[in-house]
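To start, the structure itself, in structure tokens.
The values are calculated or read from the model by the stated rules, or taken from the named source; none is laboratory data. The model shown is predicted, which means the values in this text are computed figures rather than measured ones. Cβ: placed from backbone, ideal geometry, glycine included. Neighbour counts: every protein chain shown. Side chains included, ligands, DNA and RNA excluded: accessible areas come from the protein's heavy atoms. Shrake-Rupley method; radii C 1.70, N 1.55, O 1.52, S 1.80 Å.
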Amino acid sequence: MDCSTPPPLTDDQISAALDEAATPDVIDHLARCPSCAARLEDARVAEQALRSGLYRWDCPSPQALAEYHLGRADSEEQRAIARHLEECARCSEEIAELVLFLRDEAPAPAAEQPARAWRPAMRGWSLARLLPRTPALALRGGAAEPLMFEADGGVTIFLEIVPAAG
């Protein structure tokens, strides 16, 4: 498709429009020219694909952030992560979450919490106790482990809590 109001916009003008920094004449041109408007939309799609594909591509892994926080990374890696944290709000937030999580480094033993469990063999209800969870690092994208209960007679119950959609 050819530009309906020549001359066609340059790549720099399309880029400025993409960044919402276009001059009024470029905005006017885009409103009147379907060809240049289509080029702008193609550029938006390409930029979105790059954003999703490169999201946090230069961020350290959660494990590296944990090693940094615990002082276990080598000195070169410590300096690199410190420089990265000066500019990356997402990794700084992740470190802050890790600090909060590790504040209670040795979790108190879980009190036995009775729960009612159906026992088909006995055709009735019995009590089960909640088993303590295993401590683990809070890493991005990690899923919560299921709750485990132990009932009379060696029955183990796994309960996975899944949030409802929407």
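So that you can scan it fast, the table gives a plain yes or no per residue for (1) at pLDDT 90 or above; (2) in contact with a Ser or Thr (Cβ under 7 Å, 6 or more places away or on another chain):
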site	(1), (2)
Pro24	yes, no
Arg32	yes, yes
Ala46	yes, no
Arg56	no, no
Ala66	no, no
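List the helices (runs of 4 or more DSSP H) that sit entirely inside the range 5-79 and contain at least 1 residues that are under 30 Å from Leu100 (Cβ atoms) and either hydrophobic (A, V, I, L, M, F, W, C) or touching a Phe, Trp or Tyr at 6+ places or on another chain (Cβ under 9 Å) (or both).
Working: elements: 11-18, 24-32, 34-54, 62-70.
Answer list for the range 5-79: 34-54, 62-70.
Within the range 40-93, restricting attention to residues that are closer than 30 Å to Ala16 by Cβ and hydroxyl-bearing (Ser, Thr, Tyr), the residue that is most open to solvent (accessible area, probe 1.4 Å) is Tyr55. Of the residues Ala82, Ala43, Ala64, the single one that is under 29 Å from Asp12 (Cα atoms), among the aliphatic types (A, V, I, L, M), in contact with a helix residue (DSSP H, G or I) (Cβ under 9 Å, 6 or more places away or on another chain) and free of Cβ contacts under 8 Å to residues at least 60 places away in the same chain is Ala43.
Of the set (1) out of contact with any strand residue (DSSP E or B) (no Cβ under 9 Å at 6 or more places or on another chain); (2) at pLDDT below 75, all apply to Phe101 but (2).
Taken over the range 15-38, the residue count meeting the criterion of being open to solvent by less than 30 Å² (accessible area, probe 1.4 Å) and among the polar types (S, T, N, Q) is 1.
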